[in-house]
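The values are calculated or read from the model by the stated rules, or taken from the named source; none is laboratory data. Keep in mind that what you see is a predicted model, and the values were worked out from it rather than measured. Please note: Cβ atoms are built from the backbone with ideal geometry, for glycine as well, and neighbour counts cover all protein chains shown.
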Amino acid sequence: MIKVRIPTPLRPLTKGQGEVEAKAGSVLEMIETLNQAHPGIKDRLCDETGELRRFVNIYVNEEDIRFLNGKETFLKDGDEVSIVPAIAGG
Amino acid sequence: MSDLVIPQHILDDIVAHARELAPYECCGLLAGAGNQVNRVYRIKNIVAMEGAENLSSFDPAKAAHLERLSPAERAEIAFVMDMQDFSMAKKDIRNQGLALQVVYHSHPHDPARPSVTDIKIATDYEEIWPKINLPTPAYLLISLMHAEPDIKTYWIKAGQVTMADVLVH
Ligand SMILES: [Zn+2]
């Protein structure tokens, strides 16, 4: 199982849970799996072409997937994934 | 010892950034070694990008307010960092052997102190910094509301705002 940290803005989609588990072999698969359990989450993370939106980062074990293999980044049991929202303010 | 030592040329660079983007908000990062700041990383403000307000920790009232504005108007009252830029900066900071010290942004029309939204998002972000292997930074605000820019730096921890002790050198 993969542990996925859900940031505050997405918690309304996960019934308030800050951490969920998913069974997945890649980041792409993880997003699809999360979307089945928590519909709508994929839309928030990816644009219409499936690309990761520019205001979100995904880290696998503290490394940004943009510097790993993107959405194809391989995941194995015990990996920790963090969905990181943009730094923002008003 | 001061929390941070910021060279005048770096403050000048931040003010130039804020003025270039006014009336929109600019944002960026400062990095250095120990308490000495020695690099500026300008980050794109992508608040005008579709959906950006939904994946930031804006409270519902602020998000609703942003949605009523045109994309250009949104950037006058908010910023959302381009996380692709952020990742590049984070990588460069690491490659240079530096550490992230400060997150900065401008208030084109308001004083140099954190807004309610700034405090809320900084507080939400406190749990994220360790997850991405970064220390909790100080927050620097540049106000352009008067002819003379005003710059102030703060710590935001557990919803509490305190002034950071900054030496300009
Ligand atoms: Zn602000």
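Taking the condition of being near the ligand (Cβ under 10 Å from one of its atoms) and surrounded by fewer than 19 Cβ atoms within 10 Å (Cβ to Cβ), how many residues in the range B:113-136 meet it? Of the residues in that region, 3 qualify.
Going by the conditions given, is residue B:106 within 14 Å of chain A (Cβ to nearest Cβ), within 16 Å of the ligand (Cβ to nearest atom), modelled with pLDDT of 95 or more and closer than 22 Å to residue B:39 by Cβ? Explain how you work it out, then say what you get.
Details: within 14 Å of chain A (Cβ to nearest Cβ): yes; within 16 Å of the ligand (Cβ to nearest atom): yes; modelled with pLDDT of 95 or more: yes; closer than 22 Å to residue B:39 by Cβ: yes.
The answer is yes for residue B:106.
Please verify whether the range B:122-130 includes one or more residues that are modelled with pLDDT under 95 and among the aliphatic types (A, V, I, L, M). Yes, that holds for at least one residue.
Out of B:139, B:104, I need the residue that is touching a Ser or Thr at 6+ places or on another chain (Cβ under 8 Å), surrounded by 17 or more Cβ atoms within 10 Å (Cβ to Cβ), of a type outside the set (Val, Ile, Thr) and part of a strand (DSSP E or B). Which one? Full working, then the answer.
On the way: B:104 fails: touching a Ser or Thr at 6+ places or on another chain (Cβ under 8 Å).
The unique qualifying residue is B:139.
If residue B:101 passes every condition in (1) within 12 Å of another protein chain (Cβ to nearest Cβ); (2) in contact with a Gly (Cβ under 6 Å, 6 or more places away or on another chain) but one, which one does it miss? Result: residue B:101 passes all but (1). Take the residues in the range B:120-153 that are among the β-branched types (Val, Ile, Thr) and more than 9 Å from chain A (Cβ to nearest Cβ), then tell me which one is nearest to residue A:62 (Cα to Cα). Ranking the qualifying residues of the range B:120-153, first place goes to B:136. Total residues in the range B:55-90 satisfying the condition of being within 18 Å of the chain's Cα centre (by Cα) and more than 16 Å from the ligand (Cβ to nearest atom): the figure is 10. Filter the range B:59-85 down to the residues that are within 24 Å of residue B:135 (Cα to Cα) and more than 7 Å from chain A (Cβ to nearest Cβ) and list them by number. Residue satisfying the conditions is B:85 alone.
Among the residues of the range B:109-125, write down those that are outside any helix (DSSP H, G or I) and of a type outside the set (Lys, Arg). Outline the logic, then answer.
Restricting attention to the range B:109-125, the residues satisfying the condition of being outside any helix (DSSP H, G or I) are B:109-115.
Scanning the range B:109-125 gives B:109, B:110, B:111, B:112, B:114, B:115.
For the range A:32-81, the tally of residues that are within 10 Å of chain B (Cβ to nearest Cβ), in a loop (DSSP other than H, G, I, E, B) and surrounded by 16 or more Cβ atoms within 10 Å (Cβ to Cβ) stands at 3.
Contact annotation: residue pairs with Cβ atoms under 6 Å, 6 or more positions apart or on different chains, pairing a residue in the range B:97-120 that is more than 14 Å from residue B:32 (Cβ to Cβ) with a partner that is near the ligand (Cβ under 10 Å from one of its atoms) and among the hydroxyl-bearing types (Ser, Thr, Tyr), are B:107/B:143; B:111/B:143; B:112/B:143. Set side by side, the residues B:51, B:32 differ, and just one is more than 26 Å from residue B:164 (Cα to Cα), away from the ligand (no atom under 16 Å from the Cβ) and small (Gly, Ala, Ser), which is B:51.
Going through (1) modelled with pLDDT under 95; (2) farther than 29 Å from residue A:63 by Cα one by one, residue B:163 falls short only on (1).
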